[in-house]
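Everything on this sheet refers to the single structure shown next.
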Amino acid sequence: MLAKLDEQRAESGGRKSGEDQKIAPQLNSLEAELAKRLQVDGRQPRRKALTGANTKSVTFAHYFDAMRQKIETYGSTFFPRANGRPLYGSLVIVVSVDSQGRIAPNAQGKDGVSIGRSSGNPELDRQALAIVRALAPFGPFPLEMRNQLDVLDWISIFDFAREGADRLELKR
């Protein structure tokens, strides 16, 4: 759009009709706003939302699996409890991770570890978020991933269940 406006200015030789002179300040304002937005958008990191179901690329699948295993092991070892009793439930957590494996701000600029869907139990939700935070950083992205994105928004279902023993399982 900016290139088209520049082209039109060049074609008119800088001359403006009466109508063009009236709307010129508005157009200049809109052009400045567009240029500002493009500049800000150009600085935004390349992001990709990833779930267990869309890890088709081997590189993404390996990174996802490493994160999943790390979280499941820790979450099963330090299973959420309140008053000495285990907390069971399922919730969706969204984790934004930068290319170094650190928790990064999410797309809205807020905390990079958040609840996508609550378990209905605030204490379980709080402890599930603490499990993720305790394990960061998750390790740098492989080169192939770094070439494609700067921030991974990882979405997973955390299922705290009793299957013989209390354990955490991350589902797709």
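The values are calculated or read from the model by the stated rules, or taken from the named source; none is laboratory data. The model shown is predicted, which means the values in this text are computed figures rather than measured ones. Using ideal geometry, Cβ is built from the backbone for each residue, glycine included, and neighbour counts are taken over all protein chains shown. In case anyone asks, the SASA skips ligands and DNA or RNA and just uses the protein heavy atoms, side chains included. Shrake-Rupley method; radii C 1.70, N 1.55, O 1.52, S 1.80 Å.
Ligands, DNA and RNA excluded, the heavy atoms of LYS171 present near 80 Å² of accessible surface to a 1.4 Å solvent probe.
The phi torsions of the stretch 108-117, fed into the Karplus equation with coefficients 6.51, -1.76 and 1.60 and a -60° offset, translate into couplings of 8, x, 9, 3, x, 10, 9, 8, x, 8 Hz, rounded to whole numbers, with Gly and Pro shown as x. Ranking LEU152, LEU143 by solvent-accessible area of protein heavy atoms (1.4 Å probe, all protein chains present), from largest to smallest, gives LEU143, LEU152.
Where a ≥ b ≥ c are the square roots of the eigenvalues of the C-alpha gyration tensor, would you call the stretch 63-163 rounded, which needs a/c under 1.5, or, failing that, prolate if a/b is larger than b/c, or oblate? Since a/c reaches 1.5 and a/b is larger than b/c, the shape of the stretch 63-163 is classed as prolate. If R₀ is 25 angstrom, what is the calculated FRET efficiency for the pair TYR74 and ALA107, using the beta carbon separation as r and rounding to 0.05? Once rounded, the FRET efficiency stands at 0.45.
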